[in-house]
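A short reminder: the numbers here are calculations on the coordinates, not readings from a lab. On a predicted model such as this, the values are computed, not experimentally measured, just so you know. FYI the Cβ positions are ideal-geometry reconstructions off the backbone, even for glycines, and counts take in every protein chain you see.
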């Protein structure tokens with residue numbers, strides 16, 4: 001059975017068992033609640049009945065009605081009469097409440113027996129007040145005597161009837177407790193082992209997933225590129241260690257960020273738009289190119305040039321993005337070193353050849369103008385011989401800086417070799433190139449210099465023009481070289497085009 005199916009079966013079994021446990025727990029809780037409610041009801045009823053019975057006996061007995069009744073007969077003082085009346089009223093209240101708690105006719109009959117006896121005493125108490133005050137205590141006692149044997153028997157019967165109710169409730173509680181105990185025993189014997197087995201299966205699967213996740217993480221971390229996994233809204237949900245190193249954030253910090261926060265502020269709006277648009281295409285795409293640079297933003301605020309390939313994934317019907325990020329700052333630096341003349345910091349011969357090839361193909365394909373100028377420094381050999389090679393190096397750097405400041409933004413300048421420089425000028429006709437070169441030559445001639453040797457420029461121009469017969473790129477450079485030698489032969493410090501000498 002495959003792993004997903006195994007997990008599915010475990011989950012279904014877990015749900016079923018948990019439902020059984022839930023039903024069992026609910027049933028047990030219901031039984032406990034019923035037992036508790038029943039016990040409270042009977043306990044409350046019998047407790048209230050017992051309390052009222054005790055109160056009745058107290059109001060009848062010592063320091064109660066009969067006690068005050070006897071004292072009044074003996075002493076004939078109004079205080080005892082008042083106390084007897086108060087006790088009578090309290091006793092009547094207790095009797096009324098006992099009648100409310102009466103379970104059957106027998107209890108009602110016993111309570112009424114007590115009530116009748118109490119009323120008989122009270123009636124005799126009222127009649128005493130109309131008798132001759134001089135009557136003896138013995139005579140008075142004989143006149144007001146009441147047979148209270150029925151009341152005494154009734155009170156005994158009422159006390160005895162409380163016990164069976166409590167006993168019955170206790171037996172019911174025992175039966176309910178036994179039932180609950182049996183339910184719990186079934187749960188412990190049958191359900192708990194099953195739950196333990198399911199838990200063990202879960203733990204086993206979780207351990208497998210944990211091991212797999214560690215392997216996946218090791219694979220991601222062993223990648224030479226940074227990997228960033230995001231939600232559709234740009235929230236970062238995973239990143240490897242290389243990505244953390246590229247941007248300078250910890251994993252915790254990155255997981256609390258949006259991917260736009262790794263982009264320079266001025267590009268964030270466009271980045272979010274492009275990301276949303278790309279996410280719906282579901283393709284793999286490499287971002288940027290050699291001519292379009294992409295930059296990331298490190299935690300320190302530094303910009304880094306990056307290479308990015310992104311893909312849109314559908315995970316559980318949710319669109320997510322995976323970005324493979326490579327820091328190419330060092331690569332670009334190495335490329336710059338490989339393509340830059342170390343002395344003049346201009347493009348070297350290799351780099352300017354690549355530019356010339358690219359611009360030549362563009363001009364031919366789209367039938368556009370392209371001018372190529374070779375620029376030679378006049379009297380450079382004499383400067384080297386008379387002032388030394390260090391001065392010669394200074395002169396080359398001086399010329400490179402001068403040319404860089406006097407060309408168009410669209411032009412490409414490089415060192416051709418020795419004291420020769422090459423200028424590639426897209427979209428420039430031969431006539432325009434001639435005028436442009438003359439301006440540069442004249443400005444250089446008038447430029448203040450720190451050399452004893454008189455330095456000037458000679459320039460040779462070749463071009464391909466719209467509508468003209470297409471020359472090869474090799475022929476273009478050869479023609480520029482011919483024009484340069486013609487300028488040298490013409491006395492230096494001048495400009496010649498290939499069309500002038502052919």
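Annotations
- Figure legend: label point modelled 7 angstrom from the Cα of residue 366 along Cα→Cβ; residues of region 424-441 with amide N under 12 Å from it are 426-428.
- Highest mean packing first, where packing is the average number of other Cβ atoms within 10 Å per residue, the peptides 312-319, 150-157 line up as 150-157, 312-319.
- If you plug the beta carbon distance of residue 349 and residue 209 into 1/(1 + (r/R0)^6) with R0 = 56 Å, you get a FRET efficiency near 0.45.
- Computed from the C-beta positions of residue 200 and residue 127, the FRET efficiency with R₀ = 60 Å rounds to 0.10.
- Additional length obtainable on full extension of the chain from residue 385 to residue 112, 0.36 nm per residue less Cα span: 83.5 nm
- In this label model, residue 258 and residue 231 are separated by 1.1 nm, measuring between points 7 Å along each Cα→Cβ vector.
- Calculated FRET value between residue 138 and residue 175, using beta carbons and R₀ = 45 Å, to 0.05: 0.15
- Chain lengthening between residue 76 and residue 274 when straightened (0.36 nm per residue, less Cα-Cα): 60.1 nm
- Two-site label geometry, residue 445 and residue 485: point separation in nm, points 7 Å out along Cα→Cβ: 2.4
- Centre-to-centre, using Cα atoms only, region 211-283 and region 346-400 are separated by 44 Å.
- P(r) of region 340-501 over all Cα-Cα pairs, binned every 5 Å from zero, in whole percent: 2, 9, 20, 23, 21, 14, 7, 3, 1, 0
- Net length available on complete extension from residue 431 to residue 303 is 41.8 nm, with 0.36 nm assigned per residue and the Cα-Cα distance removed.
- Pairwise label distance in nanometres, residue 293 with residue 222, each label 7 Å out on the Cα-Cβ vector: 3.5
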